[in-house]
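Engineer: I have a structure here, written as C-alpha cells, and I will follow up with some questions on it.
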Amino acid sequence: MSLPSISIINFSRRLQDRDVQDAVRSVNRQVMEDFIPIWGNGRILRLHAPSADPEDLSSLTEEAVRGESAIYLVDEATLPGALGYHDLNTRDMPVGFVFVLNPNDWTVTLSHEVLELIIDPTVNIFVPGPDPRDPRNTVLHTYEVCDAVERTSYAIDGIRVSNFLTPSYFTVGEAIGTRNDYLGVGVRSFGVTRGSHIAFFDLATNRFETVLGQQAPQVRALARKAELYEYPKPARPSEMTLQSVLEDYHKKPHPQGMGLVQMEGITRTGRYGAAAQHMQVKRERGGGA
C-alpha cells in the first residue's frame, strides 16, 4: 500500500536515533494493523536525519524534508531551532511537535500526534455534537482522535502507543455492538475518560472551551479495563510559553515566500483555539459560523 509519509525528525538531546527507530517501527505497525482497518486512512513514518544544528540557526540548510508532513522530537530548548528548520525546509506542510521531557516516556505522545495528524492534518476540522456540560447545548468539537482517551495506552513490541477513538465516537448516541475507542475502555460518544480532555467551540458563548474528564466508567468491567490501560500522559510546556515562542518567531524577518505564516499555535490545542478565534471574529462581524 502506497501511503503519504511523515518525516520524524529528532532534535532532542535526550534520544538516540536507534531508540527513535524502534518507536517508528511500533507506530508504523499501529497505523497499518490497528488504525487503517478502522479509519481507512494512514501515513507511514520515516526517520529523517537533519543536517542542521537546532541550536544554531545559521547552520540550517535548504535540504528538503522527504515527506508530506513532519513531526519534530524536541527538548524545550531546541524548539526555536525546530521552527527555523521547518521554516526553511518544509514551509507550510502539516507539522507536529513531541516534547521529550523524559527519554523513557514519549512514545505515547508520538503515537498520539501521528494519529491525529493523519485524520486532521491542517488542525481546523470541527464536528457538531452535544456539550459535555449540558447535552441540550450543541457545540463544535475538535476532530481529535486521541485526546478523549489520552490517558490510556497499550504496547506494540514493548513500545507504548496511544489508545484512539473510532468514527462511532463522533456520532450522537450509543449504537449496540459498537465501541467508541480501540481498547474499548467505555468512553461515550463525545465523552472523555478520567484524566483525559476534550476541547470544543461553544457557539452560544463564542468561546473555545476545554473539559477535563473526572469520572470513571459506571460499568464495573469497563472501569477495570480503563484502570488497566491507564497511563499518565507526559507533560509539556504551557500553552502560554509556546505561544510566546511562536510570537517571537513571527516577529523575525523571513525570506520572501517563506515562513510559517499560517501556523498560529505550536500544539494542536493552540491551533484549534486559533481556528475557533477566527470563527468567533467572523460571527461577530455577521459572517456566520
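Bear in mind that the values in this text are calculations on the coordinates, not laboratory data. Here the structure is a predicted model, which means the values were calculated and not measured. Heads up, the Cβs are rebuilt from the backbone with ideal geometry, glycines too, and the neighbour counts pull from every protein chain shown.
Engineer: Helix-only estimate, please: 222 nm mean residue ellipticity of the chain, summing -39500 (n - 2.57) across DSSP H runs of length 4 or more and dividing by its residues, to the nearest 500.
Structural biologist: Counting only the DSSP helices, I get -8500 deg cm²/dmol.
Engineer: With a ≥ b ≥ c taken as the square roots of the eigenvalues of the C-alpha gyration tensor of the stretch 77-235, please select rounded if a/c is under 1.5 and otherwise prolate if a/b is larger than b/c or oblate if it is not?
Structural biologist: Numbers: a/c = 2.04, a/b = 1.26, b/c = 1.61.
Taking the square roots of the gyration eigenvalues as a ≥ b ≥ c, the stretch 77-235 is oblate.
Engineer: Right, next: Provide Rg and Dmax in Å for the stretch 149-289, with only Cα atoms included in the calculation.
Structural biologist: So, for the stretch 149-289, Rg and Dmax equal 18.8, 59 Å respectively.
Engineer: Any chance you could tell me what percent of the C-alpha pair distances in the stretch 114-188 go past 15 Å? Please report the intermediate quantities before stating the final value.
Structural biologist: Numbers: 1664 of 2775 pairs.
Roughly 60 percent, rounded to a whole number.
Engineer: Rounded to the nearest 20 Debye, what is the dipole magnitude of the chain about its Cα centre when Lys and Arg each give +1 and Asp and Glu each give -1 at the C-beta?
Structural biologist: 760
Engineer: Based on alpha-carbon centroids, what's the gap between the stretch 166-237 and the stretch 1-31 in Å, whole number please?
Structural biologist: After rounding, the separation between the Cα centres reads 27 Å.
Engineer: From the backbone phi of the stretch 74-90, what are the Karplus-calculated ³J(HN,Hα) couplings (6.51 cos²θ - 1.76 cosθ + 1.60, θ = phi - 60°) in whole Hz, Gly and Pro given as x?
Structural biologist: Each residue of the stretch 74-90 in turn: 9, 8, 4, 5, 9, 4, x, x, 5, 4, x, 5, 4, 4, 7, 10, 10 Hz.
Engineer: Here's another thing I want to ask about it. Quick one: 3J(HN,Hα) in Hz for the stretch 142-156, Karplus 6.51/-1.76/1.60 with θ = phi - 60°, rounded, Gly and Pro as x.
Structural biologist: Whole-Hz 3J(HN,Hα) from phi for the stretch 142-156: 5, 8, 10, 9, 10, 3, 5, 10, 5, 8, 10, 7, 8, 10, 10.
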